[in-house]
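S.K.: Starting off with a structure, shown below.
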Amino acid sequence: MEKTKDDSADQRLALSFGRNVTRYREKRGFSMSELARRAGMSRAYVQRVEQGGTLANLRNIARLAAAMRVSVSSLTQGLDISDLNLSNRPYRSED
């Protein structure tokens with residue numbers, strides 16, 4: 001499967017968010033396991049987030065922020081949104 005420009009932009013976004021999570025986690029002195037426990041997530045999920053392997057949804061971003069006692073805006077500050085396509089995706093009816 002060929003990567004699109006949107007895929008690359010999403011990957012950069014996921015990587016930059018993951019770096020923010022790592023920075024705050026380390027600042028708090030938490031291991032990945034400790035952060036996962038506090039956030040009610042698996043360690044594997046936290047690892048995927050930190051490595052940019054998955055882009056967390058808003059609920060999980062809020063859970064991570066609460067677990068580290070930081071604001072959601074702190075975790076999203078400075079994210080790489082260059083080339084991110086902000087237009088609506090085509091709607092497909094399943095009629």
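A short reminder: the numbers here are calculations on the coordinates, not readings from a lab. As the structure is a prediction and not an experimental result, all values here were calculated from the model. Every residue, glycine as well, gets a Cβ built from its backbone with ideal geometry; the counts of neighbours run over all protein chains shown.
S.K.: Determine whether the range 60-80 contains at least one residue that is free of Cβ contacts under 8 Å to residues at least 24 places away in the same chain, assigned to a loop (DSSP other than H, G, I, E, B) and not hydroxyl-bearing (Ser, Thr, Tyr).
M.R.: Scanning the range 60-80, I find no residue that is free of Cβ contacts under 8 Å to residues at least 24 places away in the same chain, assigned to a loop (DSSP other than H, G, I, E, B) and not hydroxyl-bearing (Ser, Thr, Tyr), so the answer is no.
S.K.: While we're looking at this one, here's another question. Suppose the filter is closer than 22 Å to ASP10 by Cα and exposed (fewer than 11 other Cβ atoms within 10 Å of the Cβ); does SER87 pass it?
M.R.: For SER87, the condition - closer than 22 Å to ASP10 by Cα and exposed (fewer than 11 other Cβ atoms within 10 Å of the Cβ) - is met.
S.K.: Something else about it: Report the residue count in the range 16-59 for those that are outside any helix (DSSP H, G or I) and either under 21 Å from LEU84 (Cα atoms) or in contact with an Asp or Glu (Cβ under 9 Å, 6 or more places away or on another chain) (or both).
M.R.: Result for the range 16-59: 7.
S.K.: Report, by residue number, each residue of the range 28-38 that is free of Cβ contacts under 8 Å to residues at least 24 places away in the same chain and either surrounded by fewer than 17 Cβ atoms within 10 Å (Cβ to Cβ) or basic (Lys, Arg) (or both).
M.R.: GLY29, SER31, SER33, GLU34, ARG37
S.K.: Next question. Of all residues in the range 39-57, which are touching a residue at least 12 places away in the same chain (Cβ under 8 Å) and either surrounded by fewer than 15 Cβ atoms within 10 Å (Cβ to Cβ) or basic (Lys, Arg) (or both)?
M.R.: GLY40, GLN51, GLY53
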